[in-house]
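The values are calculated or read from the model by the stated rules, or taken from the named source; none is laboratory data. Note that this is a predicted model, so its numbers are computed, not measured. Using ideal geometry, Cβ is built from the backbone for each residue, glycine included, and neighbour counts are taken over all protein chains shown.
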Amino acid sequence: MKLTPDERKMLEGGYGAAKARALDYIIQFGEAFDAERLVDVIYVHYPAEMSIYKGLVEDLLEYAETGATVAVPTTTSTLACDLEQWDRLGCPAPVHDLQAKAVAAHRKMGMACTYTCTPQFLGYVPPKGSYIISVESSAIIYFNSVLGARTNRGGHLTRYSAITGKYPLIGYLLDENRRGTHLIRVKLAPEELRHDCDYSALGFAVGRIVGSQVPIFDFLGTPTQTSLLALGAALATSGSVALFHAPPHTAEAKTVDEAFQGAKPVEVHEITKSSIDAAFQAMTTIAPGDEIDFVTLGCPHYNLEQIRYVAEFFRSTGEKVNPGVRLWICTNRMTKQAAAWEGYTRIIEDAGGFVVCDTCPVESHMRISTCREHGLSVPQIRAMVTDSFKMARYVRDLIGCETAIRDRDSCLKAAISGRMS
Amino acid sequence: MADRIVKAKGMIRGEAAGEALVCHKAFSFLGDVDMDTGVIIARGHEHEGVSIAGRVMIYPETKGSSGGCIVLMVLAKLDKQPAAIVLMKPADPNIVEGAILCGIPLLSEPDEDLLAAVPNGTTVTVNGTTGEIRWRKAT
(Lines give C-alpha, C1' and ligand atoms only; values in the text may rest on other atoms or scores of the structure.)
Protein backbone atom coordinates (compact mmCIF):
# COMPACT_ATOMS: atom_id res chain seq x y z
CA MET A 1 0.00 0.00 0.00
CA LYS A 2 1.18 3.50 -0.79
CA LEU A 3 1.73 5.58 2.34
CA THR A 4 2.23 9.33 2.54
CA PRO A 5 5.39 10.54 4.30
CA ASP A 6 3.24 11.49 7.28
CA GLU A 7 1.61 8.05 7.44
CA ARG A 8 5.06 6.49 7.19
CA LYS A 9 6.17 8.64 10.12
CA MET A 10 3.14 7.54 12.13
CA LEU A 11 3.78 3.87 11.35
CA GLU A 12 7.40 4.22 12.42
CA GLY A 13 6.42 5.64 15.79
CA GLY A 14 6.92 9.34 15.10
CA TYR A 15 3.58 10.07 16.79
CA GLY A 16 3.97 7.56 19.58
CA ALA A 17 3.55 3.83 20.04
CA ALA A 18 -0.26 3.82 20.28
CA LYS A 19 -0.73 5.51 16.90
CA ALA A 20 1.96 3.29 15.33
CA ARG A 21 0.22 0.12 16.45
CA ALA A 22 -3.21 1.47 15.47
CA LEU A 23 -2.02 2.41 11.99
CA ASP A 24 -0.41 -1.02 11.55
CA TYR A 25 -3.84 -2.61 12.18
CA ILE A 26 -5.50 -0.28 9.67
CA ILE A 27 -2.83 -1.04 7.06
CA GLN A 28 -3.19 -4.80 7.57
CA PHE A 29 -6.93 -4.42 7.09
CA GLY A 30 -6.48 -2.33 3.95
CA GLU A 31 -3.94 -4.72 2.46
CA ALA A 32 -6.25 -7.69 3.06
CA PHE A 33 -8.76 -5.95 0.77
CA ASP A 34 -6.19 -4.65 -1.73
CA ALA A 35 -6.58 -0.98 -0.82
CA GLU A 36 -4.38 1.31 -2.85
CA ARG A 37 -4.02 3.88 -0.09
CA LEU A 38 -5.46 5.27 3.12
CA VAL A 39 -7.79 8.25 3.44
CA ASP A 40 -8.35 10.78 6.21
CA VAL A 41 -11.66 10.30 8.00
CA ILE A 42 -13.28 13.41 9.44
CA TYR A 43 -15.55 11.68 11.95
CA VAL A 44 -15.92 8.35 13.74
CA HIS A 45 -18.99 6.77 15.35
CA TYR A 46 -17.50 4.35 17.82
CA PRO A 47 -18.79 0.97 19.10
CA ALA A 48 -18.98 1.71 22.84
CA GLU A 49 -17.89 -1.37 24.73
CA MET A 50 -20.99 -2.98 26.26
CA SER A 51 -20.83 -4.73 29.62
CA ILE A 52 -23.12 -7.54 28.42
CA TYR A 53 -20.22 -8.83 26.29
CA LYS A 54 -17.57 -10.50 28.36
CA GLY A 55 -14.15 -8.85 28.36
CA LEU A 56 -14.97 -5.79 26.28
CA VAL A 57 -15.06 -3.11 28.97
CA GLU A 58 -11.96 -4.61 30.58
CA ASP A 59 -10.18 -4.35 27.24
CA LEU A 60 -11.25 -0.71 26.89
CA LEU A 61 -10.01 0.20 30.38
CA GLU A 62 -6.66 -1.39 29.65
CA TYR A 63 -6.43 0.43 26.33
CA ALA A 64 -7.37 3.84 27.75
CA GLU A 65 -4.52 3.44 30.25
CA THR A 66 -2.04 3.58 27.36
CA GLY A 67 -2.97 7.27 27.00
CA ALA A 68 -4.13 6.90 23.39
CA THR A 69 -6.52 9.67 22.32
CA VAL A 70 -8.74 10.11 19.28
CA ALA A 71 -7.48 12.12 16.32
CA VAL A 72 -10.90 13.12 14.95
CA PRO A 73 -14.36 13.94 16.39
CA THR A 74 -15.71 10.67 17.77
CA THR A 75 -19.16 9.83 19.14
CA THR A 76 -20.03 6.66 21.05
CA SER A 77 -22.81 4.19 20.24
CA THR A 78 -25.25 2.58 22.68
CA LEU A 79 -24.48 0.97 26.04
CA ALA A 80 -26.06 -1.93 27.91
CA CYS A 81 -27.88 0.25 30.47
CA ASP A 82 -29.24 3.68 31.25
CA LEU A 83 -26.42 5.19 33.29
CA GLU A 84 -28.77 7.11 35.60
CA GLN A 85 -31.99 5.12 36.08
CA TRP A 86 -30.60 1.59 35.55
CA ASP A 87 -31.95 0.51 38.93
CA ARG A 88 -35.54 1.60 38.21
CA LEU A 89 -35.37 -0.22 34.90
CA GLY A 90 -34.39 -3.51 36.53
CA CYS A 91 -30.76 -3.65 35.44
CA PRO A 92 -28.56 -5.76 37.77
CA ALA A 93 -25.92 -3.69 39.59
CA PRO A 94 -22.92 -5.60 38.11
CA VAL A 95 -24.05 -4.80 34.55
CA HIS A 96 -24.30 -1.11 35.44
CA ASP A 97 -21.18 -0.92 37.59
CA LEU A 98 -18.94 -2.39 34.91
CA GLN A 99 -20.64 -0.32 32.21
CA ALA A 100 -20.18 2.93 34.15
CA LYS A 101 -16.42 2.43 34.12
CA ALA A 102 -16.45 2.77 30.34
CA VAL A 103 -17.54 6.42 30.52
CA ALA A 104 -14.35 7.70 32.13
CA ALA A 105 -12.27 5.68 29.68
CA HIS A 106 -14.12 7.11 26.67
CA ARG A 107 -13.67 10.63 28.05
CA LYS A 108 -9.99 10.01 28.71
CA MET A 109 -9.64 8.99 25.06
CA GLY A 110 -11.30 12.25 23.98
CA MET A 111 -14.63 10.89 22.76
CA ALA A 112 -18.04 12.58 23.12
CA CYS A 113 -20.09 10.27 25.35
CA THR A 114 -23.26 10.37 23.26
CA TYR A 115 -24.19 6.67 23.71
CA THR A 116 -26.68 6.73 20.91
CA CYS A 117 -27.54 5.03 17.63
CA THR A 118 -28.55 8.39 16.12
CA PRO A 119 -25.53 10.72 16.50
CA GLN A 120 -26.73 12.56 13.37
CA PHE A 121 -29.59 13.93 15.47
CA LEU A 122 -27.05 15.47 17.83
CA GLY A 123 -25.52 17.49 15.04
CA TYR A 124 -22.92 15.02 13.80
CA VAL A 125 -23.78 15.56 10.16
CA PRO A 126 -20.72 14.85 8.00
CA PRO A 127 -20.84 16.59 4.61
CA LYS A 128 -21.59 14.81 1.35
CA GLY A 129 -18.52 13.13 -0.08
CA SER A 130 -16.62 13.09 3.21
CA TYR A 131 -14.96 9.90 4.46
CA ILE A 132 -16.06 8.70 7.87
CA ILE A 133 -16.20 5.35 9.66
CA SER A 134 -19.25 4.35 11.65
CA VAL A 135 -20.76 1.43 13.48
CA GLU A 136 -24.52 0.92 14.05
CA SER A 137 -26.27 -0.25 10.91
CA SER A 138 -29.05 2.36 11.03
CA ALA A 139 -26.53 5.21 11.33
CA ILE A 140 -24.26 3.78 8.62
CA ILE A 141 -27.06 3.61 6.06
CA TYR A 142 -28.27 7.12 6.99
CA PHE A 143 -24.79 8.63 6.67
CA ASN A 144 -24.23 6.93 3.31
CA SER A 145 -27.64 7.46 1.78
CA VAL A 146 -29.36 10.52 3.22
CA LEU A 147 -26.22 12.57 3.86
CA GLY A 148 -23.95 11.17 1.13
CA ALA A 149 -20.99 10.79 3.48
CA ARG A 150 -18.98 7.64 2.82
CA THR A 151 -18.59 4.81 5.30
CA ASN A 152 -18.33 1.04 5.39
CA ARG A 153 -19.88 -1.12 8.06
CA GLY A 154 -17.42 -0.41 10.84
CA GLY A 155 -16.31 -3.07 13.28
CA HIS A 156 -13.85 -3.28 16.10
CA LEU A 157 -11.05 -1.65 14.11
CA THR A 158 -13.11 1.55 14.31
CA ARG A 159 -11.14 2.23 17.50
CA TYR A 160 -7.92 2.40 15.52
CA SER A 161 -9.40 4.68 12.88
CA ALA A 162 -10.41 7.03 15.70
CA ILE A 163 -6.85 6.97 17.08
CA THR A 164 -5.19 7.57 13.69
CA GLY A 165 -7.88 9.39 11.69
CA LYS A 166 -7.18 6.89 8.88
CA TYR A 167 -9.15 4.22 7.01
CA PRO A 168 -8.32 2.26 3.84
CA LEU A 169 -9.92 3.36 0.57
CA ILE A 170 -12.20 0.36 0.08
CA GLY A 171 -15.88 -0.62 -0.21
CA TYR A 172 -18.46 2.15 -0.06
CA LEU A 173 -15.75 4.80 -0.07
CA LEU A 174 -15.31 4.08 -3.79
CA ASP A 175 -17.67 5.48 -6.46
CA GLU A 176 -18.10 2.16 -8.24
CA ASN A 177 -19.49 0.46 -5.13
CA ARG A 178 -22.08 3.19 -4.65
CA ARG A 179 -23.84 2.38 -7.93
CA GLY A 180 -27.42 1.10 -7.63
CA THR A 181 -28.01 -2.60 -8.23
CA HIS A 182 -31.74 -3.16 -7.66
CA LEU A 183 -34.57 -0.95 -8.90
CA ILE A 184 -37.45 -0.92 -6.44
CA ARG A 185 -40.68 0.30 -7.99
CA VAL A 186 -42.80 1.48 -5.07
CA LYS A 187 -46.44 1.01 -6.03
CA LEU A 188 -47.91 2.59 -2.94
CA ALA A 189 -50.29 5.50 -2.62
CA PRO A 190 -49.01 8.50 -0.67
CA GLU A 191 -51.42 7.69 2.19
CA GLU A 192 -49.87 4.22 2.45
CA LEU A 193 -46.53 5.89 3.22
CA ARG A 194 -47.54 8.15 6.07
CA HIS A 195 -46.11 6.88 9.32
CA ASP A 196 -42.52 6.09 10.11
CA CYS A 197 -43.60 2.48 10.62
CA ASP A 198 -44.83 2.37 6.99
CA TYR A 199 -41.29 3.24 5.91
CA SER A 200 -39.95 0.71 8.37
CA ALA A 201 -42.17 -1.94 6.73
CA LEU A 202 -41.00 -0.89 3.27
CA GLY A 203 -37.39 -1.21 4.36
CA PHE A 204 -38.03 -4.60 5.90
CA ALA A 205 -39.71 -5.88 2.72
CA VAL A 206 -36.92 -4.59 0.47
CA GLY A 207 -33.99 -5.62 2.69
CA ARG A 208 -35.11 -9.23 2.36
CA ILE A 209 -34.91 -8.95 -1.41
CA VAL A 210 -31.64 -7.09 -1.88
CA GLY A 211 -29.42 -8.59 0.84
CA SER A 212 -26.22 -6.54 0.88
CA GLN A 213 -26.77 -4.77 -2.46
CA VAL A 214 -27.71 -1.16 -3.25
CA PRO A 215 -31.47 -0.59 -3.82
CA ILE A 216 -32.83 2.42 -5.71
CA PHE A 217 -36.34 3.57 -4.79
CA ASP A 218 -38.32 5.33 -7.51
CA PHE A 219 -40.90 6.72 -5.08
CA LEU A 220 -40.98 7.45 -1.36
CA GLY A 221 -43.92 9.80 -0.95
CA THR A 222 -42.99 12.74 1.27
CA PRO A 223 -40.36 11.33 3.60
CA THR A 224 -39.13 13.16 6.66
CA GLN A 225 -35.80 12.83 8.44
CA THR A 226 -37.25 10.17 10.71
CA SER A 227 -39.03 8.21 7.99
CA LEU A 228 -35.76 7.94 6.05
CA LEU A 229 -34.11 6.81 9.27
CA ALA A 230 -36.84 4.19 9.78
CA LEU A 231 -36.50 2.99 6.19
CA GLY A 232 -32.73 2.59 6.48
CA ALA A 233 -32.84 0.89 9.87
CA ALA A 234 -35.20 -1.77 8.52
CA LEU A 235 -33.21 -2.24 5.28
CA ALA A 236 -30.19 -2.97 7.46
CA THR A 237 -32.21 -5.42 9.57
CA SER A 238 -33.80 -7.85 7.12
CA GLY A 239 -30.83 -7.34 4.81
CA SER A 240 -27.38 -5.93 5.41
CA VAL A 241 -27.93 -2.88 3.24
CA ALA A 242 -25.47 -0.03 3.88
CA LEU A 243 -26.55 2.33 1.10
CA PHE A 244 -29.71 3.16 -0.84
CA HIS A 245 -30.65 5.98 -3.17
CA ALA A 246 -34.11 7.53 -3.41
CA PRO A 247 -33.92 10.52 -5.75
CA PRO A 248 -34.54 13.33 -5.01
CA HIS A 249 -34.57 12.73 -1.25
CA THR A 250 -31.10 11.24 -0.87
CA ALA A 251 -27.80 13.03 -1.34
CA GLU A 252 -26.12 11.58 -4.35
CA ALA A 253 -28.24 10.82 -7.38
CA LYS A 254 -30.65 13.41 -8.80
CA THR A 255 -32.52 10.81 -10.85
CA VAL A 256 -33.05 7.05 -10.83
CA ASP A 257 -30.89 6.75 -13.98
CA GLU A 258 -28.08 8.64 -12.33
CA ALA A 259 -28.26 6.28 -9.35
CA PHE A 260 -27.37 3.38 -11.65
CA GLN A 261 -24.38 5.28 -13.08
CA GLY A 262 -25.34 4.31 -16.62
CA ALA A 263 -25.68 0.61 -15.85
CA LYS A 264 -28.87 -1.43 -16.02
CA PRO A 265 -30.49 -2.65 -12.79
CA VAL A 266 -29.44 -6.21 -11.92
CA GLU A 267 -32.99 -6.83 -10.73
CA VAL A 268 -36.27 -4.91 -10.75
CA HIS A 269 -38.89 -5.46 -8.04
CA GLU A 270 -42.33 -4.02 -7.34
CA ILE A 271 -43.47 -3.27 -3.84
CA THR A 272 -47.24 -3.18 -3.41
CA LYS A 273 -49.60 -2.88 -0.48
CA SER A 274 -49.54 -6.65 -0.17
CA SER A 275 -45.73 -6.67 0.27
CA ILE A 276 -46.15 -4.18 3.11
CA ASP A 277 -48.97 -6.18 4.70
CA ALA A 278 -46.84 -9.32 4.50
CA ALA A 279 -43.99 -7.53 6.32
CA PHE A 280 -46.35 -6.46 9.12
CA GLN A 281 -47.72 -9.98 9.39
CA ALA A 282 -44.27 -11.54 9.51
CA MET A 283 -43.33 -9.52 12.59
CA THR A 284 -46.71 -9.57 14.34
CA THR A 285 -47.40 -12.56 16.57
CA ILE A 286 -49.79 -10.86 19.01
CA ALA A 287 -53.50 -11.05 18.20
CA PRO A 288 -55.77 -8.01 18.48
CA GLY A 289 -57.23 -7.85 21.99
CA ASP A 290 -54.34 -9.80 23.56
CA GLU A 291 -52.60 -8.40 26.62
CA ILE A 292 -49.24 -6.74 26.15
CA ASP A 293 -46.64 -5.80 28.76
CA PHE A 294 -44.14 -3.61 26.91
CA VAL A 295 -44.17 -0.77 24.37
CA THR A 296 -40.97 0.52 22.78
CA LEU A 297 -40.69 3.76 20.84
CA GLY A 298 -37.33 5.17 19.87
CA CYS A 299 -35.72 2.53 17.70
CA PRO A 300 -33.60 4.15 16.39
CA HIS A 301 -33.27 6.66 19.27
CA TYR A 302 -35.87 9.40 19.19
CA ASN A 303 -35.03 13.03 18.52
CA LEU A 304 -36.52 16.00 20.35
CA GLU A 305 -39.47 16.37 17.96
CA GLN A 306 -40.49 12.73 18.38
CA ILE A 307 -40.37 13.05 22.17
CA ARG A 308 -42.43 16.24 21.92
CA TYR A 309 -45.03 14.29 19.97
CA VAL A 310 -45.32 11.63 22.67
CA ALA A 311 -45.51 14.25 25.43
CA GLU A 312 -48.22 16.11 23.53
CA PHE A 313 -50.15 12.85 23.11
CA PHE A 314 -50.26 12.33 26.88
CA ARG A 315 -50.83 16.02 27.63
CA SER A 316 -53.77 16.31 25.24
CA THR A 317 -55.43 13.00 26.16
CA GLY A 318 -54.67 13.10 29.87
CA GLU A 319 -54.31 9.31 29.74
CA LYS A 320 -51.92 7.15 31.79
CA VAL A 321 -49.84 4.11 30.91
CA ASN A 322 -51.52 0.88 32.02
CA PRO A 323 -49.93 -0.43 35.27
CA GLY A 324 -49.21 -3.75 33.54
CA VAL A 325 -47.20 -2.09 30.77
CA ARG A 326 -43.71 -0.64 30.64
CA LEU A 327 -43.42 2.15 28.07
CA TRP A 328 -39.84 2.94 27.03
CA ILE A 329 -39.18 6.05 24.92
CA CYS A 330 -35.53 5.53 23.99
CA THR A 331 -33.22 8.43 23.25
CA ASN A 332 -29.82 9.79 24.21
CA ARG A 333 -28.89 11.78 27.28
CA MET A 334 -28.33 15.08 25.45
CA THR A 335 -31.78 14.94 23.85
CA LYS A 336 -33.36 13.96 27.17
CA GLN A 337 -31.80 17.06 28.74
CA ALA A 338 -33.42 19.17 26.05
CA ALA A 339 -36.72 17.32 26.52
CA ALA A 340 -36.54 17.97 30.26
CA TRP A 341 -36.01 21.68 29.64
CA GLU A 342 -39.05 21.71 27.38
CA GLY A 343 -41.09 19.88 30.03
CA TYR A 344 -41.66 16.81 27.82
CA THR A 345 -39.86 14.33 30.07
CA ARG A 346 -42.00 15.34 33.04
CA ILE A 347 -45.25 14.84 31.11
CA ILE A 348 -44.19 11.38 29.90
CA GLU A 349 -42.98 10.31 33.34
CA ASP A 350 -46.11 11.61 35.04
CA ALA A 351 -48.12 9.50 32.61
CA GLY A 352 -46.15 6.45 33.71
CA GLY A 353 -43.67 6.16 30.83
CA PHE A 354 -39.88 6.09 30.92
CA VAL A 355 -37.60 8.29 28.85
CA VAL A 356 -34.67 5.89 28.60
CA CYS A 357 -31.14 7.00 27.69
CA ASP A 358 -27.95 5.35 26.48
CA THR A 359 -29.54 2.00 25.64
CA CYS A 360 -32.63 0.17 24.34
CA PRO A 361 -34.36 -3.14 25.16
CA VAL A 362 -32.25 -5.13 22.67
CA GLU A 363 -28.94 -3.94 24.11
CA SER A 364 -30.05 -4.15 27.74
CA HIS A 365 -29.95 -6.65 30.60
CA MET A 366 -33.22 -8.09 29.26
CA ARG A 367 -31.29 -10.18 26.72
CA ILE A 368 -31.76 -13.86 27.47
CA SER A 369 -28.00 -14.45 27.74
CA THR A 370 -27.59 -11.62 30.27
CA CYS A 371 -30.65 -12.72 32.27
CA ARG A 372 -29.19 -16.21 32.60
CA GLU A 373 -25.87 -14.81 33.76
CA HIS A 374 -27.48 -12.67 36.46
CA GLY A 375 -30.28 -14.99 37.56
CA LEU A 376 -33.16 -12.96 36.11
CA SER A 377 -36.32 -14.64 34.87
CA VAL A 378 -36.69 -15.30 31.14
CA PRO A 379 -38.29 -13.76 29.21
CA GLN A 380 -38.26 -10.28 30.74
CA ILE A 381 -40.92 -9.21 28.24
CA ARG A 382 -43.88 -11.33 27.17
CA ALA A 383 -45.46 -9.22 24.44
CA MET A 384 -44.02 -6.02 22.97
CA VAL A 385 -45.67 -3.51 20.67
CA THR A 386 -43.34 -1.19 18.75
CA ASP A 387 -43.33 0.91 15.60
CA SER A 388 -39.93 -0.39 14.49
CA PHE A 389 -39.25 -3.55 12.48
CA LYS A 390 -35.67 -3.49 13.69
CA MET A 391 -36.73 -3.62 17.33
CA ALA A 392 -39.30 -6.37 16.71
CA ARG A 393 -36.85 -8.49 14.73
CA TYR A 394 -34.17 -8.45 17.42
CA VAL A 395 -36.25 -8.66 20.62
CA ARG A 396 -37.98 -11.71 19.25
CA ASP A 397 -34.78 -13.77 19.34
CA LEU A 398 -32.66 -11.93 21.91
CA ILE A 399 -35.36 -11.33 24.56
CA GLY A 400 -37.71 -14.11 23.53
CA CYS A 401 -40.97 -12.15 23.37
CA GLU A 402 -43.99 -11.95 21.11
CA THR A 403 -44.12 -8.84 18.94
CA ALA A 404 -46.51 -6.59 17.08
CA ILE A 405 -45.87 -3.57 14.88
CA ARG A 406 -48.24 -0.65 14.87
CA ASP A 407 -47.94 3.08 14.09
CA ARG A 408 -46.90 5.40 16.89
CA ASP A 409 -50.39 6.45 17.97
CA SER A 410 -51.53 2.84 18.12
CA CYS A 411 -48.44 1.94 20.16
CA LEU A 412 -49.32 4.67 22.66
CA LYS A 413 -52.95 3.55 22.78
CA ALA A 414 -51.79 -0.01 23.44
CA ALA A 415 -49.61 1.27 26.29
CA ILE A 416 -52.68 2.90 27.81
CA SER A 417 -55.12 0.01 27.36
CA GLY A 418 -52.62 -2.79 27.98
CA ARG A 419 -54.02 -4.59 24.96
CA MET A 420 -53.25 -4.88 21.30
CA SER A 421 -55.67 -2.85 19.24
CA MET B 1 5.54 -39.14 3.38
CA ALA B 2 5.72 -36.07 1.18
CA ASP B 3 5.14 -32.41 1.81
CA ARG B 4 2.06 -30.97 0.17
CA ILE B 5 2.02 -27.25 -0.53
CA VAL B 6 -1.07 -25.33 -1.60
CA LYS B 7 -1.18 -21.61 -2.36
CA ALA B 8 -3.91 -19.36 -1.02
CA LYS B 9 -4.48 -15.63 -0.72
CA GLY B 10 -2.56 -14.35 2.30
CA MET B 11 -4.97 -11.96 4.01
CA ILE B 12 -3.31 -11.42 7.39
CA ARG B 13 0.40 -11.97 7.88
CA GLY B 14 2.18 -14.36 10.21
CA GLU B 15 3.23 -17.99 10.43
CA ALA B 16 1.57 -20.66 12.52
CA ALA B 17 1.32 -24.41 12.84
CA GLY B 18 -1.29 -26.61 14.44
CA GLU B 19 -3.56 -29.56 13.99
CA ALA B 20 -6.10 -28.95 11.27
CA LEU B 21 -9.71 -28.52 12.39
CA VAL B 22 -11.60 -29.11 9.16
CA CYS B 23 -15.23 -27.94 9.28
CA HIS B 24 -17.34 -28.59 6.22
CA LYS B 25 -20.03 -25.99 6.94
CA ALA B 26 -19.97 -22.21 7.41
CA PHE B 27 -18.77 -21.29 10.89
CA SER B 28 -20.08 -18.63 13.27
CA PHE B 29 -17.83 -17.56 16.13
CA LEU B 30 -20.82 -15.97 17.85
CA GLY B 31 -22.90 -18.90 18.98
CA ASP B 32 -20.88 -21.86 17.72
CA VAL B 33 -18.06 -21.50 20.29
CA ASP B 34 -18.03 -21.25 24.08
CA MET B 35 -16.40 -17.92 24.92
CA ASP B 36 -14.69 -19.21 28.08
CA THR B 37 -13.14 -22.39 26.74
CA GLY B 38 -13.02 -22.19 22.95
CA VAL B 39 -14.99 -25.44 22.75
CA ILE B 40 -17.45 -25.84 19.89
CA ILE B 41 -20.93 -25.90 21.42
CA ALA B 42 -23.11 -25.75 18.30
CA ARG B 43 -25.51 -28.66 18.56
CA GLY B 44 -24.94 -31.25 15.88
CA HIS B 45 -21.68 -29.66 14.67
CA GLU B 46 -19.29 -32.28 13.30
CA HIS B 47 -16.73 -31.25 15.96
CA GLU B 48 -19.12 -30.50 18.84
CA GLY B 49 -17.16 -30.67 22.11
CA VAL B 50 -13.77 -30.05 20.44
CA SER B 51 -11.71 -26.94 21.32
CA ILE B 52 -10.60 -24.61 18.54
CA ALA B 53 -7.68 -23.35 20.68
CA GLY B 54 -4.36 -23.75 18.87
CA ARG B 55 -5.97 -25.42 15.84
CA VAL B 56 -5.61 -24.37 12.22
CA MET B 57 -9.28 -23.89 11.36
CA ILE B 58 -10.20 -24.71 7.79
CA TYR B 59 -13.81 -23.98 6.80
CA PRO B 60 -15.84 -22.65 3.86
CA GLU B 61 -16.82 -19.19 5.12
CA THR B 62 -17.77 -17.25 8.22
CA LYS B 63 -21.44 -16.70 8.89
CA GLY B 64 -23.43 -14.80 11.44
CA SER B 65 -23.21 -11.61 13.38
CA SER B 66 -20.44 -9.07 13.45
CA GLY B 67 -20.07 -10.13 17.10
CA GLY B 68 -17.74 -12.85 15.82
CA CYS B 69 -14.80 -10.46 15.94
CA ILE B 70 -15.48 -9.82 19.62
CA VAL B 71 -15.62 -13.54 20.39
CA LEU B 72 -12.20 -14.03 18.77
CA MET B 73 -10.78 -11.15 20.82
CA VAL B 74 -12.17 -12.56 24.05
CA LEU B 75 -10.77 -16.01 23.22
CA ALA B 76 -7.36 -14.47 22.47
CA LYS B 77 -7.29 -12.80 25.90
CA LEU B 78 -7.75 -16.27 27.41
CA ASP B 79 -5.19 -17.75 24.98
CA LYS B 80 -7.92 -19.98 23.50
CA GLN B 81 -7.82 -18.60 19.97
CA PRO B 82 -7.15 -20.76 16.90
CA ALA B 83 -3.56 -20.80 15.58
CA ALA B 84 -4.71 -19.72 12.13
CA ILE B 85 -7.79 -19.56 9.92
CA VAL B 86 -8.07 -20.73 6.32
CA LEU B 87 -11.29 -19.89 4.46
CA MET B 88 -12.32 -21.48 1.20
CA LYS B 89 -14.28 -18.39 0.13
CA PRO B 90 -13.33 -14.69 0.23
CA ALA B 91 -12.97 -13.40 3.79
CA ASP B 92 -15.54 -10.99 5.22
CA PRO B 93 -14.28 -7.79 6.91
CA ASN B 94 -15.37 -8.94 10.37
CA ILE B 95 -13.22 -12.07 10.46
CA VAL B 96 -10.31 -10.07 9.02
CA GLU B 97 -10.63 -7.58 11.88
CA GLY B 98 -10.73 -10.43 14.37
CA ALA B 99 -7.59 -12.01 12.91
CA ILE B 100 -5.69 -8.69 12.98
CA LEU B 101 -6.60 -7.96 16.59
CA CYS B 102 -5.74 -11.50 17.71
CA GLY B 103 -2.56 -11.59 15.66
CA ILE B 104 -3.44 -14.81 13.88
CA PRO B 105 -2.66 -15.54 10.23
CA LEU B 106 -5.67 -15.59 7.90
CA LEU B 107 -5.69 -17.07 4.41
CA SER B 108 -8.49 -17.43 1.88
CA GLU B 109 -9.41 -18.94 -1.45
CA PRO B 110 -6.80 -21.72 -1.69
CA ASP B 111 -5.99 -23.20 -5.12
CA GLU B 112 -7.28 -26.58 -3.98
CA ASP B 113 -10.31 -27.77 -2.01
CA LEU B 114 -8.67 -28.16 1.39
CA LEU B 115 -11.89 -29.47 2.93
CA ALA B 116 -11.32 -32.61 0.91
CA ALA B 117 -7.51 -32.60 0.80
CA VAL B 118 -6.54 -32.05 4.44
CA PRO B 119 -7.45 -34.82 6.89
CA ASN B 120 -8.76 -33.45 10.20
CA GLY B 121 -6.03 -33.51 12.86
CA THR B 122 -3.09 -33.37 10.43
CA THR B 123 -0.40 -30.88 11.45
CA VAL B 124 -0.62 -27.95 9.07
CA THR B 125 1.77 -25.01 8.71
CA VAL B 126 0.42 -21.78 7.23
CA ASN B 127 2.09 -18.55 6.21
CA GLY B 128 -0.23 -15.58 5.93
CA THR B 129 2.46 -13.48 4.30
CA THR B 130 3.32 -15.82 1.40
CA GLY B 131 -0.08 -17.54 1.31
CA GLU B 132 1.51 -20.98 1.62
CA ILE B 133 -0.25 -23.90 3.34
CA ARG B 134 1.86 -26.97 3.99
CA TRP B 135 1.24 -30.42 5.47
CA ARG B 136 2.63 -33.94 5.39
CA LYS B 137 0.69 -36.24 3.16
CA ALA B 138 0.70 -39.91 4.04
CA THR B 139 1.72 -41.95 1.01
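A few points about this structure:
- Scanning segment A:49-79 for residues that are part of a loop (DSSP other than H, G, I, E, B) and either closer than 30 Å to B:GLU109 by Cα or within 13 Å of chain B (Cβ to nearest Cβ) (or both) yields A:GLU49, A:MET50, A:SER51, A:ILE52, A:TYR53, A:LYS54, A:GLY55, A:SER77.
- Among (1) at pLDDT below 95; (2) assigned by TED's automatic domain parsing to the domain that holds A:VAL395, the one test that A:SER240 misses: (2)
- Scanning segment B:24-58 for residues that are touching a helix residue (DSSP H, G or I) at 6+ places or on another chain (Cβ under 9 Å) and touching a residue at least 60 places away in the same chain (Cβ under 8 Å) yields B:HIS24, B:PHE29, B:ILE58.
- Set A:GLN85, A:GLN99: member being in a loop (DSSP other than H, G, I, E, B), over 18 Å from A:VAL135 (Cα atoms) and more than 14 Å from every other protein chain (Cβ to nearest Cβ): A:GLN85
- All of A:HIS156, A:HIS182 fail the test of being crowded, with 18+ Cβ neighbours inside 10 Å, within 14 Å of chain B (Cβ to nearest Cβ) and in contact (Cβ under 8 Å) with a residue 40 or more places away in the chain, apart from A:HIS156.
- Here the condition is being in contact with a His (Cβ under 9 Å, 6 or more places away or on another chain) and within 15 Å of A:VAL395 (Cβ to Cβ); of A:CYS330, A:CYS299, it holds for A:CYS330 alone.
- Within segment B:66-91, tally of residues that are surrounded by fewer than 21 Cβ atoms within 10 Å (Cβ to Cβ), facing chain A (nearest Cβ under 10 Å) and outside any helix (DSSP H, G or I): 3
- Meets criteria (away from every other protein chain (no Cβ under 14 Å), touching a Leu at 6+ places or on another chain (Cβ under 9 Å) and assigned to a loop (DSSP other than H, G, I, E, B)) for B:ALA42: no
- Test: residue in segment B:92-111 that is surrounded by fewer than 18 Cβ atoms within 10 Å (Cβ to Cβ) and more than 13 Å from every other protein chain (Cβ to nearest Cβ): yes
- Any chance A:LYS413 is surrounded by fewer than 20 Cβ atoms within 10 Å (Cβ to Cβ) and touching a Gly at 6+ places or on another chain (Cβ under 6 Å): no
- In segment A:285-310, the residues that are farther than 24 Å from A:SER77 by Cβ and buried (at least 24 other Cβ atoms within 10 Å of the Cβ): A:ILE292
- Every pair of residues 6+ apart whose Cβ atoms lie under 8 Å, when the first sits in segment A:253-265 and is over 20 Å from A:GLY129 (Cβ atoms) while the second is among the hydrophobic types (A, V, I, L, M, F, W, C) and buried (at least 19 other Cβ atoms within 10 Å of the Cβ): A:VAL256/A:LEU183; A:VAL256/A:ILE216; A:PRO265/A:LEU183; A:PRO265/A:ILE216
- Any hit, segment B:28-42, residues being at pLDDT below 95 and more than 25 Å from A:TYR53 (Cβ to Cβ): no
- Counted residues, segment A:17-48 - those being under 29 Å from A:THR359 (Cβ atoms), within 14 Å of chain B (Cβ to nearest Cβ) and touching a Gly at 6+ places or on another chain (Cβ under 8 Å): 1
- Within segment A:81-113, being surrounded by 17 or more Cβ atoms within 10 Å (Cβ to Cβ) and among the acidic types (Asp, Glu) holds for one residue alone: A:ASP82.
Matching residues to (1) on the phi > 0 side of the Ramachandran plot; (2) acidic (Asp, Glu); (3) in contact with a helix residue (DSSP H, G or I) (Cβ under 8 Å, 6 or more places away or on another chain); (4) assigned to a loop (DSSP other than H, G, I, E, B):
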residue	(1), (2), (3), (4)
A:GLY221	yes, no, yes, yes
A:LEU229	no, no, yes, no
A:ALA234	no, no, yes, no
A:ALA251	no, no, yes, yes
